[in-house]
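Remarks on the structure that follows.
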Amino acid sequence: MFKQKSYSKKMNRSGVSCEFIFVILTLIIFGRVVHAAEQYKKQGRNAVSDIVDGKYNAAIEHYDDYLSEHPKDLESMYGLAVAYAQKQEIDKAVTYVQQAVEEGLPFARFLAGPRDLLKPLTSSPEFKVLAEKHKVELLHGPMLGCVTETSAKFWARTVNEIPVEIIVKSIGTGDPSTRQAYGKTSGKQDFTAVLTIKGLKPDTLYEYELRIDRGQKAGQGRFRTFGPSGRAAKFQVGFGGGAGFTPQHERMFNTITGHNLPAFLLLGDNVYIDNPTRQAVQQYCYYRRQSRSEFRKFVACTSIFAIWDDHDFTTNDEGGGPDIYTPEWKIPVWRTFINNWNNPYYGGGEKQPGCWFDFSIGDVDFFMLDGRYYRDKPRSKNPSMLGAAQKKWLFGKLKSSKATFKVLASPVPWALGAKPGSRDPWQGYKDEREQIFSFLEANRIDGVVLISADRHRSDAWKIKRENGYDLYEFESSKLTNIHTHKIMPGALFGYNQKCSFGLLTFDTLKADPEMTYQIISIDDEVIRELSLKKSQLTHDKAK
């Protein structure tokens, strides 16, 4: 290291101190490193976009420059294999495949695709020799989803269209019987399949095995079915957003897995695509996350419930508008989303696409909202974030709910001070926000808790209401992101120093049912917490 005292005395010919030059150079170098780290989630994505557009040399130049500073960057090696494949320079492409695999990239990445981009490589004799050596068939998954008190679904992606099977048996019950489900992965669904197991017992621990291609064991996991529907229970769920691909932060999924949660809610900005017109770019962003060992272990044992936000659906702060079919990219983006998650349902299906849905655990209902597909421009007349069909669905579900707690999950913050000056969150849709809150009051709907994502931090907010009980919002959206948003003065508390997720604990067995929000850091530290009793969320006791 340089000794500042002696170094600062030296001057260059222009009379500028060497210490000054050293400081400036340090700031420049440090700035480049920080900038590169902040933008890592964009590095490969943007280069793949260039490849899709036929700008192969631009992509190669980008990857070469990045590798010159980060010689072991796996995504750059992957990208160079794709670029050279498109240039029909198969020898170079194969060289980068071999280099990437030697450095630790799963060989399955090159089989997953995007398949159209990699076809010149994967159809070559040279690559087929490597494929025979590695013998990969299961690409992604298994992903657990749609767990209920009596059922569960399992998602997987394979190289080819092949038979898949799930075998489930209980643990510790003395019941030796098994339940099985069969299916086949489909090229029309991006070589995925979703298998459903029914007839399970409530609140029971199960283990499962995924078998492919007529009996080959390919994956396994454990899960616990939810408690009886509508009955009081004690359980935890996690939630968060802001999961830009950042290799050094992918360990966050190990941290979450360690909590053995029955469910996790991904509230948007799950993969950061920002490219609604190029399906190959969307696939690339999903595949690089789904191929990570940390993520695969996480989703194999935790029931995943996912909605999107702007960076997964379109571009920053944008929406799709009220029409179902325009812009024309909306339906393909929706289908890509469906191919990569394992939700109970997706909006109103083919007639009313979207990603909203609901589910229940015990006597807690969760309502997952789509804030993008039908979103009007915030400066339009009477703008809507949800659209008429989704709002009708939400009001109907809320009115019929008998749950002790009702969780409204939004991809963007409810509190007006969460993103000052922006019309992207509910701040830009105040009238519709008021419609929802007034509906709760007019129909005396108790026990509502708000959660959200979008801001790269974790917060707690209190939203004062004159005609009903005060609403509380818990926000968390820095699962793996490096980029950070500052703490807002209106929050009850906030945290942005490390990556974090939100942990919700429900205990409706108590005489006065209670829920607790905790901020958990990537290093599994409890940062802050706040507890609410059901008696605080009732109209009978509202001020």
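Please name which of Ala460, Ile90, Ile338 has its Cα lying farthest along the dipole of the chain towards the positive end, using unit charges on Cβ (Lys, Arg +1; Asp, Glu -1) and the Cα centre as origin.
About the Cα centre, the residue reaching furthest to the positive side is Ala460.
Express in Å², to the nearest 10, the accessible area of Glu137 obtained by rolling a 1.4 Å probe over the protein heavy atoms while all chains stay in place.
Answer for Glu137: close to 30 Å² accessible.
At a Förster distance of 56 Å, what's the computed FRET efficiency of Leu530 paired with Asp91, Cβ-Cβ distance as r, to 0.05?
In this case the efficiency is close to 0.40.
For Cα pairs less than 8 Å apart in space and 6+ apart in sequence, what is the mean separation divided by the residue count of region 74-165, i.e. the relative contact order in percent?
22
Can you pull out the GluC sites (Glu not before Pro) in region 404-508 that DSSP calls coil and that have at most 13 other Cβ atoms within 10 Å?
Of the GluC sites (Glu not before Pro), the ones in loops of region 404-508 whose Cβ has at most 13 other Cβ atoms within 10 Å are Glu466.
Rounded to the nearest 5, what % of DSSP beta bridges with both residues in region 325-411 are antiparallel?
Rounded to the nearest five, the antiparallel share is 50 percent.
Counting only protein chains, not ligands or nucleic acids, how are Glu149, Glu75 ordered by accessible area (probe 1.4 Å), most first?
The most accessible residue leads, giving Glu149, Glu75.
Looking at region 266-366, which chymotrypsin sites (Phe, Trp or Tyr not before Pro) are in a loop (DSSP not H, G, I, E or B) and have at most 14 other Cβ atoms within 10 Å?
Answer in residue order: Tyr325, Tyr345.
Count charges around Ile463 for me, please; just the other residues with Cβ under 13 Å from its Cβ, Lys/Arg as +1, Asp/Glu as -1.
That sum, taken over residues with Cβ under 13 Å, equals -2.
Normalising by the residue count of the chain, find the relative contact order in percent from Cα pairs under 8 Å and 6+ residues apart.
Dividing the mean separation by the residue count of the chain yields 11 percent.
What fraction of the DSSP beta bridges in the chain is antiparallel, stated in percent and rounded to the nearest 5?
80
How high is the relative contact order of region 174-219? Use alpha-carbon pairs under 8 Å, at least six apart in sequence, and give a whole percent.
21 percent.
Which of Ser229, Ala243, Leu265 sits closest to the plus end of the dipole of region 191-266, meaning its Cα is farthest towards the positive end, when Lys and Arg get +1 and Asp and Glu get -1 on the C-beta?
Ranked along the dipole, the leading option is Ser229.
Please turn the phi angles of region 364-376 into ³J(HN,Hα) values with the Karplus equation 6.51 cos²θ - 1.76 cosθ + 1.60 (θ = phi - 60°), one per residue in order, whole Hz, x for glycine and proline.
Here the 3J(HN,Hα) series is 10, 9, 10, 10, 9, 9, 9, x, 10, 4, 10, 5, 7 Hz.
Which listed residue (Leu130, Thr192, Gly113) has the Cα farthest towards the positive end of the charge dipole for the chain, taking +1 on Lys and Arg C-beta and -1 on Asp and Glu C-beta about the Cα centre?
Positive-most Cα among the choices belongs to Thr192.
Show that you can apply the helix-only estimate: for the chain, add -39,500 (n - 2.57) for every DSSP H stretch of four or more residues, divide by all residues, and state [θ] at 222 nm to the nearest 500.
-9500 deg cm²/dmol
The values are calculated or read from the model by the stated rules, or taken from the named source; none is laboratory data. Nothing here was measured: the structure is a model prediction, and the numbers come from that model. A quick note on method: Cβ atoms are made from the backbone with ideal geometry, for glycine too, and the neighbour counts reach across all protein chains shown. Please note that ligands, DNA and RNA were not included when accessible areas were found on the heavy atoms of the full protein model with its side chains. Shrake-Rupley method; radii C 1.70, N 1.55, O 1.52, S 1.80 Å.
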